[in-house]
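A.B. asks: One structure, as structure tokens, below. Some questions next.
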Amino acid sequence: MADPRPIVGITMGDPAGNGPEITVKALADATLYDRCRPIVVGDAKMLEQAKGFVSHPEIVINPVFAVEEAKFEAGTIDVYQLDLIADVKEFKIGEVSAEGGNAAFQSVKKVIELAMDGEIDATVTNALNKEAMNLALAPKGMHFDGHTEIYATYTHTKKYTMMLAHHDFRVVHVSTHVGLREACDRVKTPRILECIELANDACKNLGIERPRVSVAGLNPHCGENGLFGMEEINEIGPAIEIAKARGIDAIGPCPPDSVFSEMHGGWYDICVCMYHDQGHIPTKVLGFNFDRKTQSWKAVEGVNITLGLPIIRTSVDHGTGFALAGKGTSNERSLVNAIDYALRMAAGRKARSQS
């Protein structure tokens, strides 16, 4: 009988950051193997080093050179070996380097290839450092703003967006990694409509039959009927009306200063945001919790999902943690959540394809 557990490819992230150690911590939980068959894509030597950082000497790191060689057994971490770091002892943890950036990039490129070839069912990414990656890519005449653009390029996807999620609090973005002035210029009806449709489809893949898609305004108080700006009247409102005509339960434009409290209260399933920080700030306020008394992070949760791709991609919603790398104190919860979100989306896609 075929193994029903989905195969999930997990990139190690920038090896100078905390990706390898949170990966070991997450995969040390034997119950994860009840839900899926995880395989890390990266460098086994860095995972072996990370074992020492997080005090899991019992874990066996198993380098493989093909997915079918993986054991997929609790207590063993299978690593699709790319041999990316020349000398682990000389490689500096917590520092930006072209070697680390190249390792992170090659891990992402390979996990995409595996998913596109149907060898794995979903992909999950640890954080990469954009500066390090582009240091490595510059001599090749290449540049990427981040994971989302890498995935779009290598899956040949034109219509895509970023979704952030903290449990059932979800946001998608009309624009992400551009300056705020340019972000305002990108608030246009076709792009907003595209994001509404992607948001609606994502919720259906999560098993929500009739998603309630709120759409945030751009200006204070949604422009007050043009007093503070015309984008709600000229661009956002028309996109909502087209979406409604296509059968989507789109609501708005909603005032940005209240829509997130409403969604947190269960009014909506997802919110379409007009720019990067409009969606990131409320999501991270909910998911990132720093304890004043202990001076430590109680929780660093949240999941980043790329919508519109032919494959599934989820990610941790935090950076590389260079300052924490090597200390073994980084919280793996965001990675575990990202894996669980990937599994939900894989199950949802499968169910929709069979209906």
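A.B. asks: List the relative contact order of the range 160-308 as a percent without decimals, with contacts defined as Cα pairs under 8 Å and 6+ residues apart. Intermediate values should be presented prior to the final figure.
C.D. replies: Working: 289 pairs, mean separation 53.3, N = 149.
It rounds to 36 percent for the range 160-308.
A.B. asks: Normalised by the residues of the chain, what does the relative contact order come to in percent, with Cα pairs under 8 Å and at least six apart?
C.D. replies: Relative contact order, the chain: 21 percent.
A.B. asks: Whole-Hz ³J(HN,Hα) for each residue in the range 50-57, computed from phi via Karplus 6.51 cos²θ - 1.76 cosθ + 1.60 with θ = phi - 60°, x for glycine and proline: what do you get?
C.D. replies: Those phi angles translate into 4, 3, x, 5, 10, 6, 10, x Hz.
A.B. asks: List the trypsin sites (Lys or Arg not before Pro) in the range 136-201 that DSSP assigns to loop (not H, G, I, E or B) and whose Cβ has at most 10 other Cβ atoms within 10 Å. Which are they? Display every interim value, and only then the final one.
C.D. replies: Numbers: sites: Lys140, Lys158, Lys159, Arg170, Arg181, Arg186, Lys188, Arg191; in loops: Lys158, Lys159, Arg186, Lys188.
Those satisfying the criteria are Lys158.
A.B. asks: In vacuum, with every alpha carbon of the range 191-293 counted as one equal point scatterer, what does the Debye formula give for log10 I(q)/I(0) at q = 0.13, 0.17, 0.19, 0.25 Å⁻¹? Two decimals, please.
C.D. replies: -0.47, -0.76, -0.93, -1.41
A.B. asks: Counting other Cβ atoms within 10 Å, which trypsin sites (Lys or Arg not before Pro) in the range 263-355 have at most 14 and lie in a DSSP loop?
C.D. replies: On the way: sites: Lys284, Arg292, Lys293, Lys298, Arg313, Lys327, Arg333, Arg344, Arg349, Lys350, Arg352; in loops: Arg292, Lys293, Lys327.
Listed in order of number, the matching sites are Arg292, Lys293, Lys327.
A.B. asks: Report the Stokes-Einstein translational diffusion coefficient (µm² s⁻¹, integer) for the range 46-90, Rh taken as the Kirkwood radius over Cα pairs, at 10 °C with viscosity 1.306 mPa s. Kindly include the intermediate steps, with their values, before the conclusion.
C.D. replies: Values: Rh = 11.5 Å.
The diffusion coefficient I find is 138 µm²/s.
A.B. asks: Could I ask something else about it? Please work out the Cα center distance from the range 105-144 to the range 222-278, rounded to the nearest Å.
C.D. replies: The range 105-144 and the range 222-278 have Cα centres separated by 33 Å.
A.B. asks: Taking GluC sites (Glu not before Pro) that fall in a DSSP loop and have at most 11 other Cβ atoms within 10 Å as cut points, what is the longest piece of the chain between them?
C.D. replies: Working: sites that count: Glu58, Glu90, Glu209.
So the longest stretch without any such site is 210-355.
A.B. asks: Further question on the same structure: Taking the Cα atoms only, what angle lies between the long axis of helix 98-116 and the longest principal axis of the chain, rounded to 10 degrees?
C.D. replies: Taking the Cα atoms of the chain, the angle to 98-116 is about 70 degrees.
A.B. asks: Let me ask something else. Suppose only helical runs count, i.e. DSSP H with n ≥ 4. What mean residue ellipticity at 222 nm does that imply for the chain under -39500 (n - 2.57) per run, divided by all residues and rounded to the nearest 500 deg cm²/dmol? Could the numbers behind the result be given before it?
C.D. replies: Details: 12 runs with 130 residues, N = 355.
Taken over the chain, the calculation gives -11000 deg cm²/dmol.
A.B. asks: Still on this model: Out of Leu206, His276, Gly287, whose Cα points farthest toward the positive end of the dipole of the range 160-308 (charges: +1 Lys, Arg; -1 Asp, Glu; placed on Cβ)?
C.D. replies: Checking the options against the dipole of the range 160-308, the answer is Gly287.
A.B. asks: Could you order peptides 201-207, 124-130, 106-112 by the average number of other Cβ atoms within 10 Å of their residues, highest first? Don't skip to the end; give the middle numbers.
C.D. replies: Working: 201-207: 18.6, 124-130: 26.7, 106-112: 23.3.
Packing proxy ranking, top to bottom: 124-130, 106-112, 201-207.
A.B. asks: For the range 228-242, just list the computed ³J(HN,Hα) in residue order, Karplus coefficients 6.51, -1.76 and 1.60, θ = phi - 60°, integers in Hz, with x standing in for Gly and Pro.
C.D. replies: 10, x, 10, 4, 5, 7, 8, 10, 6, x, x, 5, 5, 5, 5
Read-outs throughout are calculated quantities, based only on the coordinates presented, and are distinct from any laboratory measurement. None of these values were measured; they are calculated from a predicted model. Because the Cβ atoms are built from the backbone with ideal geometry, glycine has one as well, and the counts that use them run over all protein chains shown.
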